[in-house]
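Asker: My questions will all concern the structure given below.
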Amino acid sequence: MANLFKKADEDKIDLQERKGSGFQRFLNAILDGGKQGVDLGLAIIPGVLIITTFVMTISFGAKDPSIGYQGIAYEGVPMLPYIVGFINYPFKILFGFTNPEAIAFPITALGSVGASLGLIPTFLAKGIIGGKEIAVFTAMGMCWSGYLSTHSAMLDALKFRNLISKALISHTIGGICAGVFAHWVFVLVTKIF
């Protein structure tokens, strides 16, 4: 445990008294905070952008197969549903997914829950999901919000990059448990009522 905080002890925080009036110190705090916020925002972009784009590219085919690819949103090569179709049984038991395309939501949520929420209207229009899947998506999305962006950027800023893998493992387990729990609670509630 001592090694965990050794790096933090080496980086001493500068707590010098700031000069100027209260208003000037307030403006400096706003400007410094804004700069650090932008830096943090730039640090989270690669994980979010890469994962989200990749998953959306391998989740859906052409919107209208008779016309072919039109270069519009959500068009790609539907490899993910094809692969998950072979091992759909565990996803059906654990999460209640009846359609292999539904796995695109949790995988996209690893990069960006906001982007994965954009999949829901498409899923609903195609009849891929219903209330049960939305309950599972909500649980997993709430748990996995900030999955890549939070851990990588936050632990990097704290100079604890070595803990990113441990944080992601615990976050992954939490999201899977949340999805399984939401599925079975939904099943129980619908049977009772």
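Asker: Modelling each spin label as a point 7 Å along the Cα-to-Cβ direction, I'd like the Ser21/Ile72 distance in nm, to one decimal.
Answerer: Inter-label distance under the simple model: 5.8 nm.
Asker: Among 89-95, 62-68, what's the highest-first ranking by average C-beta atoms within 10 angstrom per residue?
Answerer: Averaged packing, sorted descending, gives the order 89-95, 62-68.
Asker: Cα-based count: Lys pairs in the range 22-188 below 29 Å, eight or more positions apart or different chains?
Answerer: For the range 22-188, qualifying lysine pairs total 8.
Asker: Where does the Debye-calculated log10 I(q)/I(0) of the range 97-160 sit at q = 0.14, 0.15, 0.25 Å⁻¹, using only Cα point scatterers of equal weight, no solvent?
Answerer: -0.43, -0.47, -0.99
Asker: Measure nothing fancy, just the Cα-based angle from helix 131-144's long axis to the longest principal axis of the chain, in degrees from 0 to 90, nearest 10.
Answerer: Here the helix axis deviates by roughly 20 degrees.
Asker: Whole-Hz ³J(HN,Hα) for each residue in the range 169-181, computed from phi via Karplus 6.51 cos²θ - 1.76 cosθ + 1.60 with θ = phi - 60°, x for glycine and proline: what do you get?
Answerer: Values per residue, Gly and Pro as x: 5, 5, 5, 4, 4, x, x, 5, 4, 4, x, 5, 4 Hz.
Asker: Right, here's the next one. Relative to the first principal axis of the alpha-carbon coordinates of the chain, what is the inclination of helix 22-57, with its axis defined by its Cα atoms, in degrees from 0 to 90 and to the nearest 10?
Answerer: Result, in degrees: 30.
Asker: Note the angle between two axes, namely the Cα long axis of helix 147-157 and the longest principal axis of the Cα atoms of the chain, as a number of degrees from 0 to 90, rounded to the nearest 10.
Answerer: 10 degrees
Asker: What is the Cα radius of gyration of the chain over 2.2 N^0.38 Å, N being its residue count?
Answerer: 1.33
Asker: On a full-extension model of 0.36 nm per residue, what is the gain between Leu188 and Leu158, subtracting their alpha-carbon distance, rounded to one decimal in nm?
Answerer: Result: 6.5 nm gained on full extension.
Asker: Among Gln36, Gln70, Gln24, whose mean-square fluctuation peaks in a Gaussian network model of the chain (Cα, cutoff 10 Å)?
Answerer: For the chain, modelled as a Gaussian network with Cα springs under 10 Å, the answer is Gln24.
Each value in this text was obtained by applying a stated rule to the coordinates, not by laboratory testing. Small disclaimer: the values here were computed from a predicted structure and weren't measured. A quick note on method: Cβ atoms are made from the backbone with ideal geometry, for glycine too, and the neighbour counts reach across all protein chains shown.
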